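Chemist: Before we start, here is the structure in question, set down as structure tokens.
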Amino acid sequence: MDYKIFIAEDDDVIANAVIKRLSEWNFIVKRAENYRDVLSEFEDFSPHITLLDISLPFRSGYFWCGEIRKVSKCPVIFISSASDNMNVITAIDMGADDFVAKPFDVNVLIAKIRALLRRSYDFAEGAVIIEHNGALLNIADATLTAFGERVELTKNEFRVLQTLLENKGKIVTREELMNRLWETEDFIDENALYVNIARLRRKLDAAGLEGFITTKVGRGYIV
């Protein structure tokens with residue numbers, strides 16, 4: 001599983017050192033480029049964890065943490081030299097999940113990131129997790145996580161989403177989906193499939209995954 005890390009840090013030396021170390025751990029890393037609109041870059045990237053400095057050009061990390069919290073529950077770690085108690089308390093109050101004071105050991109930051117990933121995404125050794133556009137489906141325990149938030153699914157909703165994600169980028173026909181549902185039900189007709197997909201879409205929309213499932217008229221569905 002390749003997790004995505006978004007970093008808003010305007011100090012090139014620190015940012016490059018962190019990015020280099022994260023890449024060695026096979027994280028997919030994107031650094032903010034437009035500090036006038038950090039939120040747009042965050043939303044385009046859909047990271048699993050965000051690293052924010054407090055002192056950024058134009059707007060502070062506090063501001064951007066607040067903006068992120070309006071649209072996502074993605075875990076946020078502040079990395080800052082302004083590490084007095086008041087700044088730490090403010091960071092947590094703004095919705096941050098952790099705070100790392102500069103200067104810091106990058107290995108300590110990595111350890112904190114991995115621990116936060118385990119807590120936020122129920123990561124477990126040997127678990128089979130399918131990731132796509134901000135959704136994390138854990139096959140081992142039949143759970144869906146979207147931007148750090150657990151989404152409750154019925155058995156049939158889970159099977160529909162699992163089938164679509166296992167074939168992401170490909171059209172899955174209605175017949176294929178109904179056959180998958182027949183594994184646990186006596187009979188699933190096309191109307192029952194439509195009801196399950198409509199209910200699943202509403203849950204995905206509410207979790208911030210609008211338009212996650214696309215209908216291909218006369219052919220089936222695709223994610």
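Chemist: Output the residues belonging to the stretch 134-157 that are among the polar types (S, T, N, Q), more than 9 Å from the chain's Cα centre (by Cα) and surrounded by 14 or more Cβ atoms within 10 Å (Cβ to Cβ).
Modeler: Residues satisfying the conditions are 138, 143, 156.
Chemist: Follow-up question, since we're still on this one. Testing residue 2 on (1) touching a strand residue (DSSP E or B) at 6+ places or on another chain (Cβ under 8 Å); (2) modelled with pLDDT of 90 or more; (3) within 17 Å of residue 111 (Cα to Cα), one condition comes back false. Which one is that?
Modeler: Of (1) touching a strand residue (DSSP E or B) at 6+ places or on another chain (Cβ under 8 Å); (2) modelled with pLDDT of 90 or more; (3) within 17 Å of residue 111 (Cα to Cα), only one is false for residue 2: (2).
Chemist: From (1) of a type outside the set (Asp, Glu); (2) touching a Lys or Arg at 6+ places or on another chain (Cβ under 7 Å); (3) over 19 Å from residue 209 (Cα atoms), pick out the condition that doesn't hold for residue 159.
Modeler: Of everything listed in (1) of a type outside the set (Asp, Glu); (2) touching a Lys or Arg at 6+ places or on another chain (Cβ under 7 Å); (3) over 19 Å from residue 209 (Cα atoms), residue 159 misses just condition (3).
Chemist: Filter the stretch 196-219 for residues that are among the β-branched types (Val, Ile, Thr) and in contact with a helix residue (DSSP H, G or I) (Cβ under 9 Å, 6 or more places away or on another chain); which is nearest to residue 133 (Cα to Cα)?
Modeler: Here the answer is 213.
The values are calculated or read from the model by the stated rules, or taken from the named source; none is laboratory data. What you are looking at is a predicted structure, and each value in this text was computed from that prediction instead of being measured. Backbone-built Cβ (ideal geometry, glycine too); neighbour counts: all protein chains shown.
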